[in-house]
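Below: the structure, in structure tokens.
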Amino acid sequence: MKTPTFRFDEEKHKYYLDDELLPGVTTILGTLSKPALIQWAANCAVDFIQVCVDEKLELTPELLKDARTAHAKKRDKAADAGTDVHTLIETYIKSCIENGGVAQAHLVNELPQVSKFVDWAMTNKVVFHESEKKLYSVAHKFAGTADFTATIDGKLFVGDLKTTSGIYDLSPFLQCAAYQIMLREIEVKDYVGSVIIRLGKDGAFEEFYRLDERGEDKQTFLSLLEVYRALNRFKNQNKK
């Protein structure tokens, strides 16, 4: 049987198995409702208008249009900052892997998030195995990129980095569960769960562990995958 060809289009940020476009993990998780984001977007619009009021600006149609997109501009700015953190930590993890995987001291970085990640890795004697690993599932037809995999206290975890202001729902753990599903198709290894490292832009640091010994997170993700596909089928059937 021919082995399928997997590829990732860097420019379009899309995954393909042969010629079939595979949905990404984060796209699938987009089916989950995120009420906190709705309130955050509303707050961004109000904050923008408040600045206009404080500066005694006339609320023109152009300014009101800017208020409607204030959340998108703030999100994109935060995404750029988060990308810097991700890139620097990716470089650090790969450096560790090249030297046997064991967490090691690193040159002091001007970003506190990076220094705190290094401190966490060394304190917990983390052994890194993979960084930014592109994954896919032949069985379930989806794909994604895992931030890292590591052994912590003798147990295998899939890890994800977040630069958000908090962890508000199950999404990050379902994300890691999806990576575990794909990893188990290609590796005979026992991943026990997820570790989420939150590196806040305000310098905050949090670590969250979640064991998935009964596979509940994996099953929840696969259920979301079915919801995602059902929604897409409905959308395609009702196109005019």
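The values are calculated or read from the model by the stated rules, or taken from the named source; none is laboratory data. Owing to the predicted nature of the structure, the values given are computational and were not obtained by experimental measurement. So basically every Cβ, Gly included, is an ideal-geometry build from the backbone, and we count neighbours across all protein chains shown.
Let's see how each residue does on (1) surrounded by fewer than 19 Cβ atoms within 10 Å (Cβ to Cβ); (2) in contact with a Cys (Cβ under 7 Å, 6 or more places away or on another chain); (3) not in a loop (DSSP other than H, G, I, E, B):
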{"site": "130", "(1), (2), (3)": "no, no, yes"}
{"site": "145", "(1), (2), (3)": "yes, no, yes"}
{"site": "158", "(1), (2), (3)": "no, yes, yes"}
{"site": "161", "(1), (2), (3)": "no, no, yes"}
{"site": "173", "(1), (2), (3)": "no, no, yes"}
{"site": "208", "(1), (2), (3)": "yes, no, yes"}
{"site": "230", "(1), (2), (3)": "yes, no, yes"}
Residue 90 passes all but one of the listed conditions (1) outside any helix (DSSP H, G or I); (2) closer than 30 Å to residue 4 by Cα; (3) at pLDDT below 95; (4) of a type in the set (Asp, Glu); the exception is number (1)
Residue 80 vs. criteria at pLDDT 75 or above, loosely packed, with under 15 Cβ neighbours inside 10 Å, assigned to a helix (DSSP H, G or I) and charged (D, E, K, R):
no
Would you point out which residue out of 26, 5 is at pLDDT 90 or above, within 30 Å of residue 182 (Cα to Cα), within 28 Å of the chain's Cα centre (by Cα) and surrounded by fewer than 12 Cβ atoms within 10 Å (Cβ to Cβ)?
5
Kindly provide the set of residues from region 175-213 that are of a type in the set (Val, Ile, Thr) and over 13 Å from residue 156 (Cβ atoms), ordered by number.
181, 186, 196, 197
Apart from one, (1) within 15 Å of the chain's Cα centre (by Cα); (2) without any contact (Cβ under 8 Å) to a residue 40 or more places away in the chain all hold for residue 236; the odd one out is (1)
Test for residue 198: is it surrounded by 14 or more Cβ atoms within 10 Å (Cβ to Cβ), free of Cβ contacts under 8 Å to residues at least 40 places away in the same chain and part of a helix (DSSP H, G or I):
no
Taking the criterion of being among the polar types (S, T, N, Q), farther than 19 Å from residue 22 by Cα and surrounded by 15 or more Cβ atoms within 10 Å (Cβ to Cβ), would at least one residue in region 132-141 satisfy it?
no
Which count do you get for residues in region 210-228 that are part of a loop (DSSP other than H, G, I, E, B) and either modelled with pLDDT under 90 or under 19 Å from residue 148 (Cβ atoms) (or both)?
3
Go through the residues of region 159-173 one by one and say whether even a single one is within 29 Å of residue 19 (Cα to Cα) and of a type in the set (A, V, I, L, M, F, W, C).
no
What pairs come out if I take residues in region 127-145 that are at pLDDT below 95 and aliphatic (A, V, I, L, M) and pair them with residues that are surrounded by 20 or more Cβ atoms within 10 Å (Cβ to Cβ) and outside any loop (DSSP other than H, G, I, E, B) whose C-beta lies under 7 Å away, six or more apart or interchain?
none
Got a sec? Which of 193, 166 is modelled with pLDDT under 95, assigned to a strand (DSSP E or B) and either surrounded by fewer than 18 Cβ atoms within 10 Å (Cβ to Cβ) or in contact with a Cys (Cβ under 8 Å, 6 or more places away or on another chain) (or both)?
193
Looking at region 210-231, can you tell me whether even one residue there is more than 19 Å from residue 140 (Cβ to Cβ) and touching a Gly at 6+ places or on another chain (Cβ under 7 Å)?
yes
